[in-house]
Amino acid sequence: MALLPILVYPDPKLHTVAKPVAQVDERIRTLLDDMFETMYEANGIGLAATQVDVHERLVVINPEIVWASEERVRGDEGCLSVPGIYDGVERAAQVHVRALDEQGNSRVIEADGLLAVCLQHEMDHLAGQVFVEYLSPLKQGRIKTKLVKAQREAEREQKSRQSA
Ligand code: GNR
Ligand code: NI
């Protein structure tokens, strides 16, 4: 088990398009374990492999926090790769997703509410898309500036701590 570092927007690696998983094997199961651990530790409700710099079509969903909220179609979204930012995104209210489970068995997940939003958010990551790209260019610019600045400050703080 291992915690994996999460890429932070605007890291260009977040725009990599993921490839299908060739075979569900021990390597994939270990990666899923690590992704679950990383997601729980970050208090996320989902995590795409893209966010941990693995570009294969793999997502984990936190089933404990997923609840059915049927009416909502437009809701505020957040993202572990866009820390501290929440904004409204419009999505399909219901989705059917075909996927392989950890045994490699094909299954279809029918979802609405927050699970439907989460699945669409995770599938976007696999296509190299981050939810902020649905927002206006003005908002995207502000978010980029804010996060680049925050990362620079965090880096500087870490360096000054090392030299102390
Ligand atoms: O933890 C998360 N919460 C969330 C809330 C509303 C809509 C989508 C999400 S996904 C996010 C975790 C994450 O960044 N997954 O890629
Ligand atoms: Ni995300």
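Read the figures in this text as sums done on the coordinates, not as results from a lab. Since the model is a prediction, treat every value here as computed from it, not as a measurement. Heads up, the Cβs are rebuilt from the backbone with ideal geometry, glycines too, and the neighbour counts pull from every protein chain shown.
Using amide H atoms built in the peptide plane, which far-off residues or other-chain residues are under 5 Å from GLU77 H to H?
Placed amide hydrogens put ASP87, GLY88, VAL89 under 5 Å from GLU77.
Whole Å is fine, so just give me how far the alpha carbon centre of the range 89-145 lies from that of the range 1-57.
14 Å
Pull up all non-local amide H partners of LEU58: gap of 5 or more, or a different chain, and H-to-H distance under 5 Å with H placed in the peptide plane.
ALA49, THR50
Does the range 82-146 classify as rounded, prolate or oblate by the C-alpha gyration tensor (a ≥ b ≥ c root eigenvalues; a/c under 1.5 gives rounded; else a/b over b/c gives prolate, otherwise oblate)?
Prolate is the answer for the range 82-146, as a/c is 1.5 or above and a/b outweighs b/c.
Might you report the magnitude of the Cβ-based charge dipole of the range 1-145 about its Cα centre, with Lys and Arg at +1 and Asp and Glu at -1, to the nearest 20 debye?
For the range 1-145, the charge dipole is close to 520 debye.
Just to check I understand the Karplus step: with θ = phi - 60° and J = 6.51 cos²θ - 1.76 cosθ + 1.60, what whole-Hz values come out for the range 27-42, glycine and proline as x?
4, 5, 5, 5, 4, 4, 4, 5, 5, 4, 4, 5, 5, 4, 4, 8
How far is helix 137-163 tilted, in degrees, relative to the longest principal axis of the Cα atoms in the chain, given as a value from 0 to 90 rounded to the nearest 10?
Once rounded, one gets 60 degrees.
On a 0 to 90° scale, report how tilted helix 113-126 is relative to the longest principal axis of the chain, with both axes built from alpha carbons and the result rounded to the nearest 10.
It works out to around 70 degrees.
Taking a ≥ b ≥ c as the square roots of the Cα gyration tensor eigenvalues, with a/c under 1.5 meaning rounded and otherwise prolate when a/b beats b/c, else oblate, which class fits the chain?
oblate
What range in the chain is the longest one free of GluC sites (Glu not before Pro) that are in a loop by DSSP and have at most 14 other Cβ atoms within 10 angstrom?
Value returned for the longest uninterrupted segment is 1-63.
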